[in-house]
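Let me begin by presenting the structure, written as structure tokens, before commenting on it.
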Amino acid sequence: MAVNPYADYKRNQILTASPAQLTLMLYDGAIKFCNIAIVAVENGEVAKAHDNIMKVERIIEEFRATLNFDYPVAKDFDNVYEYVYRRLSEANMKKDKEILEEVLAHLHTMRDTWKEVMKRTNKG
């Protein structure tokens, strides 16, 4: 069995991350997959675009599934996640680069906000 030091590093990074860091990693992953999907759409790579849009959708589903509705702000997050998910579905059906770019902008905003929250609460 071949050893992949990068895979080992990534696995250890995930296993030792705090919940806040895991959330940041998920945002980073969503941004990465959205970027890959945009390039795939530009290149006419329909299957690759579909696969990466689905990865972003699964991350958004995970965010929605883990919301704690004991806090009123959770409903606001759920509304944003629902909108982003709906736009991803539309982008996937149409293979629409502009919609993906809109989603990407939302993902960057959410990620940057999360990073700021981590910084202010010393969770990073």
Evaluate the distance, in nm, between pseudo-label points positioned 7 Å from the Cα of LYS75 and of HIS108 along their respective Cα→Cβ axes. 3.2
Under a crude label model (7 Å from the Cα following the beta-carbon direction), how far is ASP28 from GLU45 in nanometres? 2.2
Whichever aspartates and glutamates have a C-alpha closer than 19 Å to that of LYS119, once near sequence neighbours (fewer than 8 apart) are set aside: ASP28
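Could you state the accessible area per residue of the chain in Å², with a 1.4 Å probe and every protein chain left in place? Each step should come with its number before you reach the end.
Values: 8020 Å² over 124 residues.
Solvent-accessible surface per residue comes out at 65 Å².
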Ranking MET93, ASN122, THR66 by how far each Cα lies towards the positive end of the charge dipole of the chain (+1 on Lys and Arg Cβ, -1 on Asp and Glu Cβ), the top one is ASN122
Charge dipole of the chain about the Cα centre (unit charges at C-beta), most positive-ward option of ALA7, ILE38, LEU107: ALA7
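Over the chain, what relative contact order in percent results from Cα pairs under 8 Å that are six or more residues apart?
Details: 98 pairs, mean separation 37.1, N = 124.
The normalised contact order for the chain reaches 30 percent.
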Highest mean packing first, using Cβ neighbours within 10 angstrom, the peptides 71-82, 99-110 sort as 99-110, 71-82
Of the accessible area of the range 1-102, computed with a 1.4 Å probe and all protein chains kept, carbon and sulfur make up a percent value of 58
Label zone at VAL117 (point 7 Å along Cα-to-Cβ), backbone N below 18 Å, the range 26-67: 26-31, 59-67
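Relative contact order of the range 25-67, please, whole-number percent, based on alpha carbon pairs below 8 angstrom and at least 6 residues apart.
Values: 28 pairs, mean separation 17.9, N = 43.
The normalised contact order for the range 25-67 reaches 42 percent.
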Proportion of all alpha-carbon pairs of the range 52-118 beyond 14 Å (%): 61
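Rounding to the nearest 20 debye, state how big the charge dipole of the chain is about its Cα centre with +1 on each Lys and Arg Cβ and -1 on each Asp and Glu Cβ. Please report the intermediate quantities before stating the final value.
Details: 18 positive and 19 negative charges, 74 e Å.
Using Cβ point charges on Lys, Arg, Asp and Glu, the chain gives about 360 debye.
Mind counting lysine pairs for me in the range 1-112? Cα separation below 16 Å, and the two need to be 8 or more apart along the chain or on different chains.
On the way: LYS10/LYS32; LYS32/LYS48; LYS32/LYS55; LYS32/LYS97; LYS48/LYS94; LYS48/LYS95; LYS48/LYS97; LYS55/LYS95.
Count of close lysine pairs: 8.
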Quick one: divide the alpha-carbon radius of gyration of the chain by 2.2 N^0.38 Å and tell me what you get. 1.14
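The values are calculated or read from the model by the stated rules, or taken from the named source; none is laboratory data. All figures in this text were calculated on a predicted structure; none of them were measured in a lab. Cβ sites come from the backbone with ideal geometry, for glycine too, and all protein chains shown count toward neighbours. Ligands, DNA and RNA are excluded from the accessible area calculation, which covers all protein heavy atoms including side chains. Shrake-Rupley method; radii C 1.70, N 1.55, O 1.52, S 1.80 Å.
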